[in-house]
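The values are calculated or read from the model by the stated rules, or taken from the named source; none is laboratory data. Only a predicted model underlies this, so the values are computations on that prediction, with no experimental measurement involved. In this analysis, Cβ positions are derived from the backbone assuming ideal geometry, glycine residues included, and neighbour counts consider all displayed protein chains.
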Amino acid sequence: MDNGRHRSIIEIHTKRIGHGWASLHIKYDPVLIDIKKGTTLEDEDLGIKVYTDPADLAQERLNKIRYGKARSILERRQSEFKEGRIRFLSEDFISFYRHLASTKTYNLTASLKQLIMFTGDRCPFYRINRDFILRYQTFLEYEAVTSKGKFLTHSTVSLYMGQMIYICRAAIDKGYMSEEDIAGVSLSRIPDDTTQVSLAELRKLYRCSNRDPRVERLLSLKLLTGLPVSYLLRLGEHHLTSDEFGNWILDVQGKRGGKTYISKEAAEIILDSIKDTTSFPGMSYPEVNCLFIQWIMNAGLKKRYRFRHFKMQIDSLSDIFSRKPR
């Protein structure tokens, strides 16, 4: 929408506060939003008091000065409206999101920050559709991070996606969007962090031939060693040694790292991965996650698992098809 096609009433009002005084306010009809500050503008108290019934010339002069100051603020606000620095809520999805974030009792601010990272400070309503929402969900799952640089948990992704749908529904109620804009949107089933992949699902995954060999080796190592993927991604040849008895030892730095004995099968996977220049050493965690989710989708698993849901540890990859893991 364009400011030039709509009129906004921005004018000064007085509000009696007693004892012969009144405060000056700027009324906005309809409600506008300050793009830079992210605050809604409906009834702005200017912090200026005037006499309701001036008793003498001095009080009239004081009123004249203070009304002049209020008018200068009013002219600045009207100029900001013409320049688009303050806008109608119906002009921009981000502005509407900010408005609800400032008026609702529950927290929408954290999800708003992620949305701005995805879209930028402006996002017109016509861009919001099923494809946009699905791309936003993919961003939350594989790229979005917290203020501490950690990837979002599944429960957080589910919360933020639920809030996105809520905002869209509120915009539809206001007439800023139509029901057709989000037709067919259904949030995918994201398991919580306590969920564990079943042995049947693991077998189905490994039977799928359409998979990236690097991600397959990474998952196999996690199942054989029990180490987090974040440690496995930074493995180097110097981390792998053997003792005088031929036992393989893996030395990984970090809180959960340290020296641990691993099987010959796991050691061979690590050596093969290091020799392969296209393997996972040097891959980023989001890149690995994208390839991993693609493997899960190709295998036909109903839930969008991540590596943390593979909590079982096995002695050999053949155990996946022969017997239960320990």
**Request:** Could you give me the residue pairs with C-beta distances under 8 Å whose first residue belongs to the range 103-132 and is farther than 16 Å from Gly162 by Cα, whose second residue is among the hydroxyl-bearing types (Ser, Thr, Tyr) and in a helix (DSSP H, G or I) wherever it lies, and which are 6+ apart or on separate chains?
**Result:** Phe118/Tyr136; Phe125/Ser90; Arg127/Thr119
**Asked** Quick one: how many residues across the range 222-253 are over 23 Å from His154 (Cα atoms) and over 28 Å from the mean Cα position of the chain (by Cα)?
**Response** 21
**Asked** Do the conditions hold for Asp53, that is, is it without any contact (Cβ under 8 Å) to a residue 60 or more places away in the chain, assigned to a loop (DSSP other than H, G, I, E, B) and outside the structural domain of Cys123 (by TED's automatic domain parsing)?
**Response** yes
**Asked** Which condition number does Ile73 fail, the rest of (1) outside the structural domain of Glu42 (by TED's automatic domain parsing); (2) farther than 15 Å from Ile167 by Cβ being met?
**Response** (1)
**Asked** Which residues, counting only those in the range 254-286, are among the hydrophobic types (A, V, I, L, M, F, W, C) and at pLDDT 75 or above?
**Response** Ile262, Ala266, Ala267, Ile269, Ile270, Leu271
**Message:** So, Asn107, is that one more than 17 Å from Ser158 (Cβ to Cβ) and either aromatic (Phe, Trp, Tyr) or assigned by TED's automatic domain parsing to the domain that holds Met177 (or both) or not?
**Reply:** no
**Asked** Can you name the residue in the range 179-207 that is over 26 Å from Ile320 (Cβ atoms), in a helix (DSSP H, G or I) and of a type outside the set (Val, Ile, Thr) and is also modelled with the lowest pLDDT among such residues?
**Response** Asp181
